[in-house]
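Quick one: the structure is below, questions incoming.
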Amino acid sequence: MRGIRVFSNDIKKELRKSLSNIFAFTKHKYLDERDIIKYWNEKGETRFQKSYLFWDETHKCIVAVIYSYSGKEELLGGVLLDVIQRPEQLDIDFGNCFCRVFNEDIRTISNTQTHSDLWFTLRPTQFQRAIAKFSTFITTPMVKWMQIVESSTALRYEGNPFTYCLFMINEEKWIEKALRDRFVKFTEPIKLEKGLLSEQWVRSAVDVNRVGLIGLGHRGDLIGIFNIPSETEHRESLSFAPHESMRAIRHFLVPGTALFITTANGDIYIMLPNGAIFHKTQGRWHYLNYIHVYNILSTLFNKEFAYSLLRLSLDLSFERHGALIIIPDKNEFIEKMVPDHVNKQKVNKDLRNSVKGLNVNILMHKQIIMAATKSDGALVLSKKGIVLDVACMVAEPRQKDLGLLGINNLKRFSGARSTAAWNSSIYGTSIKISEDGPITIYNRGKLLVKIG
């Protein structure tokens, strides 16, 4: 039995590692067949319904199932994830899609002794194939497009990174409705691989902010370029894009389309019309659900401020600026968190006094606040979005205040910003944006959510 890959805990470890790019969890547990059957029975489900991943309401956890295929399908076990927050249905749907791909590979490659090389060839493409299956496009061409886009991120033009916005569409009639006069059709279609990897004029003509590309899905050809809108008519919409500059183009996504975006730092974003966003950074794909984070923030703040807060965090993350944003439960708590808040000789005095009082809910103010947030130190906002302080250092919480939350000891993290984020959350909510992208939110000493 040891020669069969699926009868080893290694397969469970590999699945758990992949699921960490979809769900944020604090604990995990490897399950055997009896465990899975117990969860199925409690859920009223059978193996014949064959969920690859599901939410267990009783135990508030995610269960991912692994099947083995030695002659006939058998239940091997799975992985239990103790997630930070209950996932949205979209999260579960994509998790199930990924686990389906994972199990299909097991069905194809069951014996590690004779097919280990093929298994390790398939593993790096599993996330790509799951994204493709989650889209409305055929899997094989969609995966090929992703690989071409990945290759294009290494290219440059006149010393600048090749950044662009690419819409893949199933039907040309979408252009007439969505783009109209913004679209300019090529005299002849250009193969996607040739256009992105070989044609230098394409690199010079397009960029991620002004001019994008249109590709036709069933042929895999580039058929034209279009002017990227700078403003959206759907300001009341709660749909999110990775950056404020992409909000307008986000609203052109309809069934039968997919949006590819590359950035100056070599990252790739794929946006689907169902709201799912995928992000490749530092060689690894991640699944993102911004609405999920917004819903969590909306339980703490009014909806306008929750939206502005998440928008600011996403923009800082996209631009790779590390930051710390703090929202104390009461404005007077700032004197406990920021020792020199009322000091007339405080560090960064001119910046801090100038930005104080601006409102993050006002777009023009937000741009200035974002610029100030990029300075060393924390941004402190009231629960109404008013700047209380910026570019300030955060002190350790008082032992008495820790005790009020039932916390005995301070927590230490490997990074100073992470430690400051946890320290400041004793007095309210803190949002840490890492320089490499991930966003982490704490409230009253507890981890609420992590994305990226």
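Any residue in segment 320-346 that's on the phi > 0 side of the Ramachandran plot: show its pairings with residues that are open to solvent by less than 50 Å² (accessible area, probe 1.4 Å) at Cβ separation under 7 Å, as long as the two are six or more apart or on different chains.
Matching pairs, first to second residue: Arg320/Gly437.
Is it fair to say Asn361 is touching a residue at least 24 places away in the same chain (Cβ under 8 Å), assigned to a loop (DSSP other than H, G, I, E, B) and closer than 29 Å to Asn289 by Cβ?
Working: touching a residue at least 24 places away in the same chain (Cβ under 8 Å): yes; assigned to a loop (DSSP other than H, G, I, E, B): yes; closer than 29 Å to Asn289 by Cβ: yes.
Yes; evaluated as a whole, the condition is true for this residue.
A further question follows. Which condition breaks for Leu300 when tested against (1) farther than 28 Å from Met142 by Cα; (2) surrounded by 20 or more Cβ atoms within 10 Å (Cβ to Cβ)?
Just one mismatch for Leu300, condition (2).
If you don't mind, another one. Where in segment 230-344 are there strands (runs of 3 or more DSSP E), lying wholly inside it, with at least 2 residues that are modelled with pLDDT of 90 or more and closer than 29 Å to Phe167 by Cβ?
Details: elements: 257-262, 268-271, 277-281, 284-288, 323-328.
Hits in segment 230-344: 257-262, 268-271, 277-281, 284-288.
List every residue pair whose Cβ atoms lie under 8 Å apart, where the two residues are 6 or more positions apart in sequence or sit on different chains, the first residue falls within segment 56-67 and is free of Cβ contacts under 8 Å to residues at least 40 places away in the same chain, and the second residue, located anywhere, is open to solvent by 10 Å² or more (accessible area, probe 1.4 Å) and of a type in the set (Ser, Thr, Tyr).
Asp56/Tyr39; His59/Tyr39; Val63/Tyr39; Val65/Ser51; Val65/Tyr52
Looking at Phe226, Phe167 in this structure, which one is assigned to a strand (DSSP E or B), within 21 Å of the chain's Cα centre (by Cα) and not charged (D, E, K, R)?
On the way: Phe226 fails: within 21 Å of the chain's Cα centre (by Cα).
One residue alone meets the criteria, Phe167.
On to the next question. Of all the residues that make up segment 150-183, how many are at pLDDT 95 or above and open to solvent by 70 Å² or more (accessible area, probe 1.4 Å)?
Looking only at that region, the number is 0.
Under the condition of being surrounded by 20 or more Cβ atoms within 10 Å (Cβ to Cβ) and in contact (Cβ under 8 Å) with a residue 60 or more places away in the chain, which residue from segment 264-275 is farthest from Gln126 (Cα to Cα)?
Checked segment 264-275; the qualifying residue farthest from Gln126 (Cα to Cα) is Leu272.
If the requirement is being modelled with pLDDT of 95 or more and surrounded by fewer than 17 Cβ atoms within 10 Å (Cβ to Cβ), which of these qualifies: Asp93, Asp35?
Working: Asp35 fails: modelled with pLDDT of 95 or more.
Testing whether each residue is modelled with pLDDT of 95 or more and surrounded by fewer than 17 Cβ atoms within 10 Å (Cβ to Cβ) leaves just Asp93.
Tell me the residue from Met370, Met393 that is in contact (Cβ under 8 Å) with a residue 24 or more places away in the chain, open to solvent by 80 Å² or more (accessible area, probe 1.4 Å), at negative phi and not hydroxyl-bearing (Ser, Thr, Tyr), please. Write out each step before concluding.
Values: Met370 fails: open to solvent by 80 Å² or more (accessible area, probe 1.4 Å).
None of the other options fit; the residue is Met393.
The values are calculated or read from the model by the stated rules, or taken from the named source; none is laboratory data. Owing to the predicted nature of the structure, the values given are computational and were not obtained by experimental measurement. Don't worry about glycine lacking a Cβ; one is built from the backbone with ideal geometry, like all the others, and counts go over all protein chains shown. Note: accessible area is taken over every heavy atom of the protein model, side chains too, but ligands, DNA and RNA are not part of it. Shrake-Rupley method; radii C 1.70, N 1.55, O 1.52, S 1.80 Å.
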